[in-house]
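As structure tokens, the structure follows; a few thoughts come after it.
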2 protein chains.
Amino acid sequence: MNSYKVIEIKKSVFENNDREADRIRKKLKEEKTFLLNLMSSPGAGKTTTLKAVISRLKDEYKIGVMEADIDSDVDAKAIADTGVKSIQLHTGGMCHLDAGMTEQGLNELGTDELDFVVLENVGNLVCPAEFDTGASKNAMILSVPEGDDKPLKYPLMFTVCDAVIVNKIDTKSVFDFDDEAVIKRVKKLNKNAEIFFISAKTGEGVDELCEWLKKQTDEWIK
Amino acid sequence: MNSYKVIEIKKSVFENNDREADRIRKKLKEEKTFLLNLMSSPGAGKTTTLKAVISRLKDEYKIGVMEADIDSDVDAKAIADTGVKSIQLHTGGMCHLDAGMTEQGLNELGTDELDFVVLENVGNLVCPAEFDTGASKNAMILSVPEGDDKPLKYPLMFTVCDAVIVNKIDTKSVFDFDDEAVIKRVKKLNKNAEIFFISAKTGEGVDELCEWLKKQTDEWIK
């Protein structure tokens with residue numbers, strides 16, 4: 001198993017999170033490092049999706065991953081095994097990461113030589129949507145078992161994301177899930193959102209997601 | 001369709017939430033009203049489980065339901081259709097309910113004549129665990145698609161709950177989910193937790209859950 005560091009991040013001291021986020025974004029742009037903030041409910045498949053993406057992109061980009069979790073190192077272990085640079089951020093009970101907390105992670109990870117960094121945010125559809133982390137782009141995963149009504153119930157999350165990734169499409173046979181309803185509900189909140197339908201487990205649709213991620217990264221680091 | 005009220009609840013003004021929660025609990029005990037605080041991730045099946053429970057208990061108890069949601073009335077509509085007294089609480093972006101917010105809901109619902117009230121908390125495994133709502137008992141739903149590692153990642157939620165309800169067991173064929181691992185992980189955090197395995201959709205295991213709920217309610221209102 002590859003190793004990873006565990007960082008206990010502290011509550012941010014910055015009063016103006018948006019200003020702090022803009023500063024981080026500017027710095028990452030100068031360093032030519034693309035940062036993706038990946039959000040979802042607990043268990044929607046962030047880590048599995050990330051592993052599927054890493055296996056397809058790791059020869060092309062220098063990748064780093066920050067696994068944020070309240071407790072446990074389950075995800076950092078899984079990501080370290082893919083061979084990319086990975087650290088575990090412990091939020092000490094905090095339900096989200098803000099810009100200052102993200103920067104603590106970036107500093108520990110070291111971004112100088114990285115092209116593509118992913119922040120796997122805390123599993124929560126509410127609080128992370130309220131805090132700009134300084135990421136280049138925001139994405140969220142909605143898994144089929146959660147249901148197609150989630151854009152109605154957690155509208156802010158769907159509004160702030162550049163991409164909505166519908167995961168676990170391989171399990172559709174046992175759930176009632178209406179693709180068209182989701183597309184309609186997401187587009188009503190956020191007409192520019194890209195929507196992908198994937199199974200991180202079987203690999204279906206992951207190539208299309210990777211094409212979008214490559215395009216975003218290339219535009220950011222060019 | 002039966003009707004329901006939508007209440008915009010305000011952020012609580014009480015500094016000491018625990019004291020406020022104890023006061024609410026005492027009042028409910030005097031009024032002989034049992035309050036269950038039901039928590040879970042988004043899409044774990046709180047509303048479907050509640051409908052299955054209501055259909056089995058509504059002839060025996062006078063039931064009321066408070067559906068808390070950031071936005072939308074999806075759940076209150078579903079519950080109102082069962083014929084029990086139901087209101088929708090809008091949290092205005094807040095990720096949890098505290099004791100003061102719960103009391104605003106209880107006052108609007110009117111608990112004088114109710115034996116069994118359920119607060120369906122906001123879908124979130126993090127923040128609701130930190131706030132005592134004044135409930136008689138806390139329960140959470142972990143759905144099979146979320147994975148058996150959740151007690152490792154959201155330990156506080158599993159620690160504060162009197163009952164852990166593992167839902168969607170009808171979908172086990174398409175997920176890797178280890179019952180014994182969950183039981184072991186939950187018991188390590190909370191040795192007194194009751195654990196139920198159910199499918200709210202097919203009804204499997206719901207009778208056992210209802211037996212437990214009846215016992216808790218009878219002990220509370222006797």
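The values are calculated or read from the model by the stated rules, or taken from the named source; none is laboratory data. Quick caveat, the model's predicted, so the values are computed rather than measured. Don't worry about glycine lacking a Cβ; one is built from the backbone with ideal geometry, like all the others, and counts go over all protein chains shown. SASA here: full protein model, heavy atoms, side chains in, ligands and nucleic acids out. Shrake-Rupley method; radii C 1.70, N 1.55, O 1.52, S 1.80 Å.
For the protein assembly as shown, the solvent-accessible area of protein heavy atoms averages 41 Å² per residue (probe radius 1.4 Å; ligands and nucleic acids excluded). Between amide H atoms placed 1.01 Å from N, distances below 5 Å from B:Leu35 occur with B:Val117, B:Ser136, B:Lys137, all of them 5 or more places distant or on a separate chain.
Measuring nothing but how far apart in sequence close Cα pairs (under 8 Å, 6+ apart) lie, relative to its length, chain B scores a relative contact order of 26 percent. Across the copies of the chain, B:Lys62 has label points (7 Å from Cα along Cα→Cβ) spaced 7.0 nm apart, shortest distance listed first. The solvent-accessible area of B:Tyr61, taken with every protein chain present and a 1.4 Å probe, is close to 20 Å². Kindly identify segment A:169-216 as rounded, prolate or oblate by the Cα gyration tensor criterion: order the square roots of the eigenvalues as a ≥ b ≥ c, call it rounded if a/c is under 1.5, otherwise compare a/b with b/c, prolate if a/b is larger, else oblate. Since a/c reaches 1.5 but b/c is at least a/b, the shape of segment A:169-216 is classed as oblate. For segment A:129-222, averaging the sequence separation of C-alpha pairs within contact (under 8 Å, six or more residues apart) and dividing by the residue count gives a relative contact order of 28 percent. For the options B:Thr171, B:Thr47, B:Thr33, a Gaussian network treatment of chain B with springs between C-alpha atoms closer than 10 Å singles out B:Thr171 as fluctuating the most. Between identical copies, the spacing of A:Lys214 label points, each set 7 Å from Cα toward the C-beta atom, reads 6.1 nm from nearest to farthest. Mean-square fluctuations from a GNM of chain B, with a 10 angstrom spring cutoff on Cα atoms, peak among B:Asn17, B:Asn37, B:Asn107 at B:Asn107. The orientation-averaged shadow of the Cα convex hull for segment A:142-198, equal to a quarter of the hull surface, comes to 3.3 nm². Sort segment B:74-128 into rounded, prolate or oblate with this rule: let a ≥ b ≥ c be the square roots of the eigenvalues of the Cα gyration tensor; rounded if a/c is under 1.5, and if a/c is not under 1.5, prolate when a/b is larger than b/c, oblate otherwise. Oblate, because a/c is 1.5 or more while a/b does not exceed b/c.
Kindly identify segment A:117-222 as rounded, prolate or oblate by the Cα gyration tensor criterion: order the square roots of the eigenvalues as a ≥ b ≥ c, call it rounded if a/c is under 1.5, otherwise compare a/b with b/c, prolate if a/b is larger, else oblate.
oblate
Based on the Kirkwood radius over alpha-carbon pairs, what is the Stokes-Einstein translational diffusion coefficient of chain A at 4 °C with 1.567 mPa s viscosity, in µm²/s?
75 µm²/s
For the options B:Pro128, B:Pro42, B:Pro145, a Gaussian network treatment of chain B with springs between C-alpha atoms closer than 10 Å singles out B:Pro42 as fluctuating the most. Take the residue pairs A:Lys29/A:Lys201; A:Lys201/B:Lys172; B:Lys46/B:Lys153; A:Lys46/B:Lys168 and return only those whose Cα atoms are more than 25 Å apart. With Cα atoms farther than 25 Å apart: A:Lys29/A:Lys201. Quick note on the protein assembly as shown: its Rg to Rh ratio, both from C-alpha atoms and Rh being the Kirkwood radius, is 0.97. The helix-based estimate of mean residue ellipticity at 222 nm for the protein assembly as shown, built from -39,500 (n - 2.57) per DSSP H run of four or more residues and divided by its residue count, is -11000 deg cm²/dmol to the nearest 500. Whole-Hz Karplus values for segment A:68-84 come out as 8, 8, 5, 8, 6, 10, 3, 6, 4, 4, 5, 6, 4, 5, 7, x, 8 Hz, taken residue by residue from phi with 6.51 cos²θ - 1.76 cosθ + 1.60 and θ = phi - 60°; glycine and proline positions read x. Take B:Lys184, move 7 Å from Cα toward the beta carbon, and the resulting point lies 4.7 nm from the same point in each other copy, nearest first. The relative contact order of segment A:50-115 comes to 37 percent, based on Cα pairs under 8 Å that sit 6 or more residues apart. For A:Lys26, the lysines whose Cα falls under 24 Å of its own Cα, not counting residues fewer than eight places away in the same chain, are A:Lys10, A:Lys11, A:Lys62, A:Lys85, A:Lys137, A:Lys214, A:Lys215, A:Lys222.
Remark: chain A carries a charge dipole of roughly 280 debye about the Cα centre, counting +1 on each Lys and Arg Cβ and -1 on each Asp and Glu Cβ. Counted over all Cα-Cα pairs of segment A:1-108, pairs farther apart than 22 Å make up 33 percent. Relative to one another, the C-alpha centroids of segment A:115-168 and segment B:48-124 are positioned 26 Å apart. With pairing defined as another cysteine C-beta under 4.7 Å, the cysteines of chain A that fail it are A:Cys161, A:Cys210. Placing +1 on each Lys and Arg Cβ and -1 on each Asp and Glu Cβ, with no other charges, gives the protein assembly as shown a dipole about its Cα centre of roughly 180 debye.
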